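Written below as structure tokens is the structure these notes are about.
The values are calculated or read from the model by the stated rules, or taken from the named source; none is laboratory data. The structure displayed is predicted, hence computed values, not measured ones. All Cβ positions, glycine included, derive from the backbone under ideal geometry; neighbour counts span all protein chains shown.
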There are 2 protein chains.
Amino acid sequence: MNLKQLSKHLNLSQTTVSRALNGYPEVSEETRRRVGEVARRVGYRPNPHAMRLATGKSHAIGHVLPSDRTLMIDPHFSDFIAGAGDVYSANGFDVMLHVGGLEDEQTVYRRYAQSGAVDGVVVMGPRLQDWRIELLTELELPFIVHGRVGDLEDGYAWLDIDNRGAFRQATKLLTDLGHRRIGLINGNEAMTFASHRRQGYEDALLANGLIADPTVMTSDAMTEENGYRQTKRLLSLENKPTALVFSSMLFISGAIRAAHEMGLQIGSDVSLIAHDDGLPFLNAEGLVPALTTMRSSIRAAGSRVAELLIEMINNPASKQPHELWKVDLVVRGSTGPVPRN
Amino acid sequence: MNLKQLSKHLNLSQTTVSRALNGYPEVSEETRRRVGEVARRVGYRPNPHAMRLATGKSHAIGHVLPSDRTLMIDPHFSDFIAGAGDVYSANGFDVMLHVGGLEDEQTVYRRYAQSGAVDGVVVMGPRLQDWRIELLTELELPFIVHGRVGDLEDGYAWLDIDNRGAFRQATKLLTDLGHRRIGLINGNEAMTFASHRRQGYEDALLANGLIADPTVMTSDAMTEENGYRQTKRLLSLENKPTALVFSSMLFISGAIRAAHEMGLQIGSDVSLIAHDDGLPFLNAEGLVPALTTMRSSIRAAGSRVAELLIEMINNPASKQPHELWKVDLVVRGSTGPVPRN
DNA sequence: TGTTTTTTCCAAAGCGCTTTGAGTAAATTT
DNA sequence: AAATTTACTCAAAGCGCTTTGGAAAAAACA
């Protein structure tokens with residue numbers, strides 16, 4: 001059933017029916033009601049391709065997974081998109097996903113922009129230097145970044161969590177507990193989030209007159225295995241740290257394993273604290289002892305990013321949103337006073 | 001730059017240019033070459049919406065995440081789609097993703113079918129009873145299932161791994177090592193894959209004259225926490241199992257944690273074996289001892305599923321593919337002879 | 001009553017592509 | 001040389017929607 005048939009069925013012109021359906025004012029309430037009624041009854045659904053062709057709007061959002069995508073993004077993607085998806089579909093937007101393939105990432109964006117395949121894109125996993133911002137700006141394709149590009153705050157829309165503040169606070173918690181030698185097990189620091197986390201960590205150390213020691217700082221793919229290796233390595237050092245700060249829950253199982261293996265009690269012999277994105281298969285509270293975390297729902301971020309982008313699309317005049325989310329520090333049993341000896 | 005402009009530029013009709021570009025035979029090689037050349041030079045790209053409207057083909061594949069989606073799907077989704085994405089983009093297909101939202105899942109499929117928004121869909125995470133097969137068949141929307149629906153093997157396209165065989169083999173490995181009391185820590189058995197795994201486990205037990213004991217079998221969300229809890233619970237039983245079979249690596253960190261905590265040596269006091277989908281952040285080999293696994297790349301499955309679906313779409317006459325993949329059993333240090341005492 | 005404004009509706013022109021049905025020039029047959 | 005085939009190319013008609021520019025009918029005004 002298409003518009004033509006529907007309008008014939010109603011004894012109205014296509015124009016009127018279209019207008020009635022799309023809420024234009026040039027049609028009487030009575031007519032609108034009648035049209036809506038019949039449309040519903042016969043199950044009329046406008047053909048999206050025709051609509052897109054006619055309007056030039058695609059009602060779709062693009063998500064392009066970087067081809068050099070890493071563990072910084074992948075395991076978190078499902079959750080992020082789960083949050084965003086709710087919002088998209090509530091607003092009648094489709095999501096167009098692109099991952100890998102021969103076509104290089106830049107080409108994909110160009111294609112999106114030029115063809116109007118999507119009305120906007122969300123940029124995930126920004127790096128300290130990120131060509132995507134420039135490209136998308138030039139292409140005039142609306143976009144929002146989940147995270148930030150280095151310390152750049154203007155000229156593009158973003159939603160980020162306060163990684164720096166979170167790690168500052170977390171590290172401060174440890175120094176307040178008397179720890180003086182604190183390790184950082186970070187993700188790849190070419191990524192902005194990891195860089196910011198390191199800064200926060202260093203902030204807190206500096207505030208205590210401590211200087212960050214590269215020998216107890218790592219920057220690596222966020223895997224269980226690296227969590228294990230690095231923890232083991234750091235805790236085997238001559239001058240070993242008494243506390244460790246982790247950039248991801250993905251490290252944690254490995255870290256716990258390493259600590260156990262070395263006969264160290266978590267929360268007393270060594271304090272652990274991790275950033276927790278709320279991945280549903282890794283619950284910080286279920287650990288023993290429960291893990292002290294910096295908690296921030298990546299899923300909620302997904303929802304909000306989607307909202308903001310849709311707002312930008314519907315209202316291009318609105319000003320670029322910049323949202324910095326506070327991260328909650330949840331103190332649990334894995335952090336304790338520095339062991340004396 | 002659109003077709004009209006391009007054809008004017010070439011002094012040819014739109015028809016000829018279109019045909020030249022799309023490989024129709026009615027155009028001379030010389031013309032085709034020239035058209036291709038110029039099109040490339042000016043960066044002509046057909047408008048996808050117009051193409052879709054004209055042909056009725058969308059060149060897009062739908063992935064609908066179940067609204068009651070679970071941990072059976074989510075953490076694996078990124079990897080599956082990473083595999084599929086390569087194939088999609090190599091073949092010029094977009095992926096249309098739908099997750100959650102108000103609109104119920106069934107409506108989404110109906111919309112897809114009726115509007116031609118996608119040329120086909122892949123069904124993920126099939127259950128023992130799954131309404132999606134019936135619906136999609138009725139809608140005549142090409143689809144392929146990753147997994148199977150209960151024991152149904154015909155009437156729809158699928159690619160599955162031999163879960164039953166894998167778990168039979170894994171369990172047999174344990175019985176061969178002398179284990180007689182073996183626990184199963186499974187995912188939600190309403191899902192086909194989990195059900196099949198249980199069958200395989202039971203097969204092997206039966207083959208040894210053992211009967212499956214429900215007290216050492218669990219069916220639960222695949223999380224670290226449940227891995228810990230269930231392992232701890234089972235290993236605390238009066239008549240405790242000497243070996244455990246896990247349906248997912250997601251359980252494993254928790255399980256190891258539990259074993260450590262109880263002072264049990266993995267591989268000697270208790271044997272562990274898990275199914276490994278190859279999630280990149282959880283490496284079975286990096287564990288200590290390295291974990292014995294049933295390994296099957298979910299990413300490779302994604303690629304193959306995509307290939308098969310595209311083949312079905314391009315060639316509707318072809319017969320429904322049914323592929324059952326063998327799962328490799330990789331024996332490592334976490335399994336050993338039953339402890340005597 | 002005639003004129004102007006408002007309300008309600010419509011015909012037709014796109015949007016950018018594919019595809020049908022023909023037409024012309026060149027090559028081949030008769 | 002005429003008739004037939006073959007090889008190329010084209011004009012025009014969709015695909016199903018939105019939207020422009022009016023027109024007719026109804027309401028308001030003079």
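Among the criteria (1) surrounded by fewer than 22 Cβ atoms within 10 Å (Cβ to Cβ); (2) within 9 Å of chain B (Cβ to nearest Cβ), the one A:ILE81 does not fulfil is (1).
For A:ALA90, the conditions (1) more than 16 Å from DNA strand C (Cβ to nearest atom); (2) touching a Leu at 6+ places or on another chain (Cβ under 9 Å); (3) farther than 20 Å from B:VAL95 by Cβ; (4) touching a residue at least 24 places away in the same chain (Cβ under 8 Å) all hold with the exception of (4).
Criterion first (crowded, with 21+ Cβ neighbours inside 10 Å, modelled with pLDDT under 95 and more than 25 Å from B:VAL121 (Cα to Cα)) does A:GLY125 satisfy it? Considered against the rule, which asks whether it is crowded, with 21+ Cβ neighbours inside 10 Å, modelled with pLDDT under 95 and more than 25 Å from B:VAL121 (Cα to Cα), A:GLY125 comes out as yes. Tell me yes or no: at least one residue of the stretch B:170-191 is at pLDDT 95 or above, among the acidic types (Asp, Glu) and closer than 29 Å to A:LEU287 by Cβ. For the stretch B:170-191, residues at pLDDT 95 or above, among the acidic types (Asp, Glu) and closer than 29 Å to A:LEU287 by Cβ: present.
Selection of first residues in the stretch B:5-16 that are free of Cβ contacts under 8 Å to residues at least 60 places away in the same chain and of second residues that are more than 11 Å from DNA strand C (Cβ to nearest atom) and among the hydrophobic types (A, V, I, L, M, F, W, C), restricted to Cβ pairs under 8 Å at least 6 apart or on distinct chains, gives the following pairs, ordered by first then second residue: B:LEU6/B:VAL38; B:LEU6/B:VAL42; B:HIS9/B:VAL38; B:HIS9/B:VAL42; B:LEU10/B:VAL35; B:LEU10/B:VAL38; B:LEU12/B:VAL35; B:THR16/B:VAL35.
Conditions tested, residue by residue: (1) among the hydrophobic types (A, V, I, L, M, F, W, C); (2) under 30 Å from B:ALA301 (Cα atoms); (3) more than 18 Å from the chain's Cα centre (by Cα).
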site: B:ALA157; (1), (2), (3): yes, yes, no
site: B:ARG164; (1), (2), (3): no, yes, no
site: B:THR171; (1), (2), (3): no, yes, yes
site: B:HIS179; (1), (2), (3): no, no, yes
site: B:ALA194; (1), (2), (3): yes, yes, no
site: B:ASP203; (1), (2), (3): no, yes, yes
site: B:TYR228; (1), (2), (3): no, yes, yes
site: B:SER248; (1), (2), (3): no, yes, no
site: B:GLY254; (1), (2), (3): no, yes, yes
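Report yes if A:ALA113 is over 14 Å from the mean Cα position of the chain (by Cα) and either surrounded by 16 or more Cβ atoms within 10 Å (Cβ to Cβ) or within 10 Å of chain B (Cβ to nearest Cβ) (or both), otherwise no. So A:ALA113 passes the test.
Restricted to the stretch A:212-229, and to residues there that are surrounded by fewer than 20 Cβ atoms within 10 Å (Cβ to Cβ) and of a type in the set (D, E, K, R), the residue that is nearest to the other protein chains (Cβ to nearest Cβ) is A:ARG229.
You will find that of A:ALA60, A:ALA50, the residue that is modelled with pLDDT of 90 or more, among the aliphatic types (A, V, I, L, M) and either more than 30 Å from B:ALA90 (Cβ to Cβ) or within 10 Å of DNA strand C (Cβ to nearest atom) (or both) is A:ALA50 and no other.
The sole residue among A:GLY302, A:GLY286 that is under 30 Å from A:VAL121 (Cα atoms) and in contact with a helix residue (DSSP H, G or I) (Cβ under 6 Å, 6 or more places away or on another chain) is A:GLY302. Considering the conditions (1) part of a helix (DSSP H, G or I); (2) under 30 Å from B:GLN5 (Cβ atoms); (3) facing another protein chain (nearest Cβ under 10 Å); (4) in contact (Cβ under 8 Å) with a residue 24 or more places away in the chain, B:LEU53 is excluded by exactly one of them, (4). I'd like to check something: does the stretch B:287-296 contain any residue that is within 10 Å of chain A (Cβ to nearest Cβ) and either surrounded by 24 or more Cβ atoms within 10 Å (Cβ to Cβ) or within 30 Å of B:GLY116 (Cβ to Cβ) (or both)? Checked the stretch B:287-296: at least one residue is within 10 Å of chain A (Cβ to nearest Cβ) and either surrounded by 24 or more Cβ atoms within 10 Å (Cβ to Cβ) or within 30 Å of B:GLY116 (Cβ to Cβ) (or both). Entry remark, the stretch A:17-36: residues being more than 14 Å from A:SER7 (Cβ to Cβ) and away from DNA strand D (no atom under 11 Å from the Cβ) number 4 in total.
Just give me the residues in the stretch A:13-47 being hydrophobic (A, V, I, L, M, F, W, C), within 10 Å of DNA strand C (Cβ to nearest atom) and at pLDDT 90 or above, in sequence order. The answer is A:VAL17, A:ALA20, A:VAL35.
In the set A:LEU282, A:LEU309, which member is part of a loop (DSSP other than H, G, I, E, B), crowded, with 22+ Cβ neighbours inside 10 Å and not polar (S, T, N, Q)? It would help to see each step written out before you state the result.
Values: A:LEU309 fails: part of a loop (DSSP other than H, G, I, E, B).
Sole residue among the options that is part of a loop (DSSP other than H, G, I, E, B), crowded, with 22+ Cβ neighbours inside 10 Å and not polar (S, T, N, Q): A:LEU282.
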